[in-house]
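Participant: Below: one structure in structure tokens.
The values are calculated or read from the model by the stated rules, or taken from the named source; none is laboratory data. These figures come from a predicted structure and were not determined experimentally. Here Cβ is always computed from backbone atoms with ideal geometry, including for glycine, and neighbour counts include all displayed protein chains. What goes into the accessible areas is simple: the full protein's heavy atoms, side chains included, and nothing from ligands, DNA or RNA. Shrake-Rupley method; radii C 1.70, N 1.55, O 1.52, S 1.80 Å.
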Amino acid sequence: MNIQDRINKLKNEIEQHNVNYYVNDNPQISDFDYDCLLTKLEQLEKNNPDLVTSDSPTQRVGAPPIDKFKSITHRIPLLSLANAMNEDELIQFNNQICKTLGNDINLEYICEPKIDGVAVELVYENGYFSYGSTRGNGLVGEDITHNLKTIKSIPLKLISNYKIPTLLEVRGEVFINHKDFIDMNKLREQNGEQVFANPRNCAAGSLRQLDSSITYSRPLRIFCYAPGVVEGITLKSQEQFLNCLPKWGLPVSPIIEKCTTIEQLLSYYKKIEHERNNLKYDIDGIVIKVNSYQYQEKLGERSKSPRWAIAGKLKPKQG
Ligand code: IVH
């Protein structure tokens, strides 16, 4: 095998292990063996610098610090969500949707956990991670590409088990698992560094670093949950979109369900409230979305939030 082929094979292997770990939650090799693959690749690239490409896993770290954040105008604003504070308000939401769309349609909802992290947008051009930004004020965010590239659950190149869009904007939430957070804080305490108050604050601070080597040292992850502009493929529903994401190597929460009745919606709400303490990460509610993009369009938006979705809030966590 020539050097180019060996490099390509190693790159694919490493990215596949990232997917096994972060997307499928099913690691196939030890951290040590993973690091060995990365070291082998680094060595080959060091001896053949002309063969280094921007999508190489070695390029996640080592970018020089930036001076200041650039602004990025979102092609589609990142809206927020109206809140339902209890079951009655979820029932009202469903009634309103049925009233607008009529009772003679097949209404489906996608129910997702509302991850308590930091909203970001990733932009893939022809399958390559091109840039990414914070939500900012919803219209304009900050360019945090250098920091997002350090997050191993964000693929630098989409894997092509499925047709790759020419343009894919995908929104998601960057967060930290409880266990990773506790381990990190322990280490910081041992080193005499200040500990972080909670995973969300740490994730937010980590994404706002000018020096991406700091971000690289933080155990950030992502779950993706919404499309922005998508070109080159047609998406008809949230279900279809969510099914595509893991095929491209993008992580999605495993506790998403499709519901067709208000009873099912309410039982998802109760179930998540119940299971909340067993989850590996913080959530602050559920998000209910009308599944069909055609119906979403029909329902439209208010100035700050869509009419086709709602956040079902959970009581703030005790202790
Ligand atoms: S959908 C128009 N889905 O909640 C729909 N948002 O107030 C916009 N969030 O800042 C968002 N988990 O960061 C959506 N499964 C999920 C989410 C989610 C967390 C956050 C998001 C946004 C806020 C909306």
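Participant: Would you compute the Debye intensity of segment 100-206 from its alpha-carbon atoms alone, equal scatterers and no solvent, and pass along log10 I(q)/I(0) at q = 0.11, 0.13 Å⁻¹ to two decimals?
Facilitator: Reported log10 I(q)/I(0), two decimals: -0.51, -0.67.
Participant: Now, a different point. Using 0.36 nm per residue, how much length does the chain from Ser267 to Asp33 gain when fully extended, once their Cα-Cα distance is taken away? Can you show the working numbers first?
Facilitator: Values: separation 234, 0.36 × 234 = 84.24 nm, distance 4.29 nm.
Working it through step by step, the gained length comes to 79.9 nm.
Participant: Provide the per residue accessible area, probe 1.4 Å, for segment 186-319, rounded to a whole number of square angstrom.
Facilitator: 53 Å²
Participant: Among Ser217, Ser237, Ser292, whose mean-square fluctuation peaks in a Gaussian network model of the chain (Cα, cutoff 10 Å)?
Facilitator: Ser217
Participant: With a cut-off of 20 Å, note down the residues of segment 23-46 whose backbone N falls inside the zone around a label point 7 Å from the Cα of Asp183 toward its beta carbon.
Facilitator: 23-39, by backbone N distance to the label point.
Participant: Please give the Cα centre distance for segment 278-319 versus segment 96-143, rounded to the nearest Å.
Facilitator: For segment 278-319 versus segment 96-143, the Cα centre distance is 10 Å.
Participant: If you don't mind, there's one more thing I want to ask. Arranged from highest to lowest average of other beta-carbon atoms within 10 Å per residue, in what order do the peptides 116-124, 51-59 appear?
Facilitator: Per-residue Cβ counts within 10 Å, averaged per peptide and sorted highest first, yield 116-124, 51-59.
Participant: Past the 18 Å Cα-Cα mark, which pairs from Lys163/Lys236; Lys9/Lys163; Lys271/Lys317?
Facilitator: Details: Lys163/Lys236 15 Å; Lys9/Lys163 21 Å; Lys271/Lys317 16 Å.
Table pairs above 18 Å Cα-Cα are Lys9/Lys163.
Participant: Exactly which trypsin sites (Lys or Arg not before Pro) in segment 240-310 are in a DSSP loop and have at most 12 other Cβ atoms within 10 Å? Present the calculation step by step, with values, prior to reporting the outcome.
Facilitator: Numbers: sites: Lys247, Lys258, Lys270, Lys271, Arg276, Lys280, Lys289, Lys298, Arg302, Lys304, Arg307; in loops: Lys280, Arg302, Lys304, Arg307.
Those that pass, being in a loop and sparsely packed, are Lys280, Arg302, Lys304.
Participant: Whenever you get a sec, compute what percent of the accessible area on segment 163-319 sits on carbon and sulfur atoms (1.4 Å probe).
Facilitator: 50 percent
Participant: What does the chain give for Rg and for Dmax, in Å, if only its C-alpha atoms count?
Facilitator: 20.6, 66
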